[in-house]
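What follows is calculated from the coordinates using simple rules that are stated; it is not laboratory data. This is a predicted model, so every value here is computed, not measured. Heads up, the Cβs are rebuilt from the backbone with ideal geometry, glycines too, and the neighbour counts pull from every protein chain shown.
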Amino acid sequence: MKTDDGEWNKIKLKKPVMKKIDVVAAVIVDRQKVLCVQRDAGGESLEAALHREIREELLLDITIDRPYLTVEHIYPDFAITLHCFLCSCENTRLTLTEHLEARWMPLDLIATLDWAEADIAVVDKMVYEG
């Protein structure tokens with residue numbers, strides 16, 4: 001649009017702000033079988049969120065052994081950072097309080113499940129690198 005003095009006004013368009021979510025995921029391995037669970041970190045440290053969520057939602061105590069993989073993924077309306085940790089547990093018996101289903105699966109079969117897009121890099125790493 002031209003102003004009275006003949007100059008063009010510049011209109012600055014703001015980029016829409018995409019919601020960004022940090023998510024933690026436990027890759028729990030027991031005798032070559034793996035159980036994967038993920039949730040939003042919710043302002044806690046990643047490790048604290050992971051311990052709390054696994055305890056609340058699976059009634060399972062885990063040991064976080066080490067960071068495993070961090071994945072950045074952009075969905076159409078939000079971006080996600082998935083922080084995965086390799087974990088272990090003494091007792092593999094769990095009770096579902098939030099999830100519909102959970103299974104301990106051999107590594108060579110986990111790719112047969114219907115994973116979220118952000119999870120695929122983690123699944124690929126588990127399958128191809130062990």
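Does LEU58 meet the test of being in contact with a Lys or Arg (Cβ under 9 Å, 6 or more places away or on another chain), surrounded by 15 or more Cβ atoms within 10 Å (Cβ to Cβ) and in contact (Cβ under 8 Å) with a residue 12 or more places away in the chain?
Considered against the rule, which asks whether it is in contact with a Lys or Arg (Cβ under 9 Å, 6 or more places away or on another chain), surrounded by 15 or more Cβ atoms within 10 Å (Cβ to Cβ) and in contact (Cβ under 8 Å) with a residue 12 or more places away in the chain, LEU58 comes out as no.
What are the residue pairs meeting all of these: first residue in the stretch 98-115, first residue without any contact (Cβ under 8 Å) to a residue 40 or more places away in the chain, second residue surrounded by 11 or more Cβ atoms within 10 Å (Cβ to Cβ) and assigned to a helix (DSSP H, G or I), Cβ atoms under 6 Å, and 6 or more apart or on different chains?
Every condition considered, the pairs that remain are ALA111/VAL123; ALA111/VAL127; TRP115/VAL123.
What is the residue count in the stretch 113-130 for residues that are in contact with a strand residue (DSSP E or B) (Cβ under 8 Å, 6 or more places away or on another chain) and more than 15 Å from GLU72 (Cα to Cα)?
Counting residues in the stretch 113-130 that are in contact with a strand residue (DSSP E or B) (Cβ under 8 Å, 6 or more places away or on another chain) and more than 15 Å from GLU72 (Cα to Cα) gives 2.
Which members of the stretch 79-130 meet the condition of being more than 15 Å from the chain's Cα centre (by Cα), under 14 Å from LEU69 (Cα atoms) and not aromatic (Phe, Trp, Tyr)?
VAL127, GLU129, GLY130 - these are the residues of the stretch 79-130 that are more than 15 Å from the chain's Cα centre (by Cα), under 14 Å from LEU69 (Cα atoms) and not aromatic (Phe, Trp, Tyr).
Sort through ASP77, ASP119, ASP65, ASP124 and tell me the only one that's surrounded by 13 or more Cβ atoms within 10 Å (Cβ to Cβ) and closer than 24 Å to MET18 by Cβ.
ASP119
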